[in-house]
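Novice: After the structure tokens below, expect a handful of questions from me.
The numbers here are math on the coordinates, done by the rules we state, and not lab data. Values in this document were obtained by computation on a predicted structure and should not be read as measured data. Don't worry about glycine lacking a Cβ; one is built from the backbone with ideal geometry, like all the others, and counts go over all protein chains shown.
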Amino acid sequence: MRLPSVTFPAFGVISFSPDTDPGTYKSGPLDAKPTRMSRGLWPLLLAHEEDDLLKSLLFGKKKELEEGRTYLTKEKKPDRALSYFLRAIEAGFRPLIVTRQHPNHVLRAHAGKEIRVVWLSTTLGKDYVDPHNLNSLTNLVTNFVSDGPRAVILLDGLEYLMINNDFARILHFLEYVNEQVAMKRGVLILSVDERAFEAKELALIERNTVALE
């Protein structure tokens, strides 16, 4: 099946069609027979990260987040989860991050965006939550989801919570928050480093989530 042709300022008109070589596509004007794209051109096209149309043609569009769902990314750092979180903000969701990063660092990295940041820390302060106090964290997240429609919450400190609580309490916390998100039609995104969990624990966490690739 032939894919559409796209015009790029730096390369002219590129027409795409699948090739037997997964790293190569065909290029050429619309009214001419396509010719094989050189491997030297391929990285240059991929470098056009701002061109969402090209990326969607080559790799498919990212999953759209559905209200009332809990999503899971397995990664060492919350890069992929953060990209979905930022897209949700652009779509009009109210954002909350629960993290081990200091709020100043998070807000500086995303200047211009109104993001509420909750810091998992034993230090006392506004929007600081002791990782031992899961009841306080549960109430905070539940109140945020209940404050209005379309809440999106990114939790990237699950490993730190595990250090300070047993797994049964962590699982109870996640299941309760998942229920609140489902009822209030919010979105919860979990970023998890699978190295920090046993296989059984990870399976229980994954049970009520949707994977984000």
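Novice: How do 67, 198 line up, fewest other C-beta atoms within 10 Å first? Please list the in-between numbers first.
Specialist: Values: 67 15, 198 10.
Arranged by neighbour count, lowest to highest, 67, 198 become 198, 67.
Novice: Sorted from fewest to most neighbouring beta carbons within 10 Å, what does the list 184, 77 look like?
Specialist: Lowest count first: 77, 184.
Novice: Remind me, relative contact order of the range 69-211 in percent, using alpha carbon pairs under 8 angstrom and six or more residues apart?
Specialist: 38 percent
Novice: Now for a different question. Can you give the FRET efficiency to the nearest 0.05 for residue 163 and residue 183, using r as the Cβ-Cβ distance and R₀ = 35 Å? Provide the component values of the computation, followed by the final result.
Specialist: Working: r = 30 Å, r/R0 = 0.85.
Calculated transfer efficiency: 0.70.
Novice: A further question follows. Taking the Cα atoms of the range 69-211, what is the range of coordinates along each of the three principal axes, in descending order and whole Å?
Specialist: On the principal axes, the range 69-211 reaches 40, 32, 27 Å in Cα extent.
Novice: Considering amide H positions built from the backbone, and no H for Pro or chain starts, which residues 5 or more places from residue 130, or on another chain, come under 5 Å of its amide H?
Specialist: Placed amide hydrogens put 121 under 5 Å from residue 130.
Novice: Out of every Cα-Cα pair in the range 115-162, what percent are more than 13 Å apart? Let's see the in-between values first.
Specialist: Numbers: 655 of 1128 pairs.
Taking all Cα-Cα pairs of the range 115-162, the fraction more than 13 Å apart is 58 percent.
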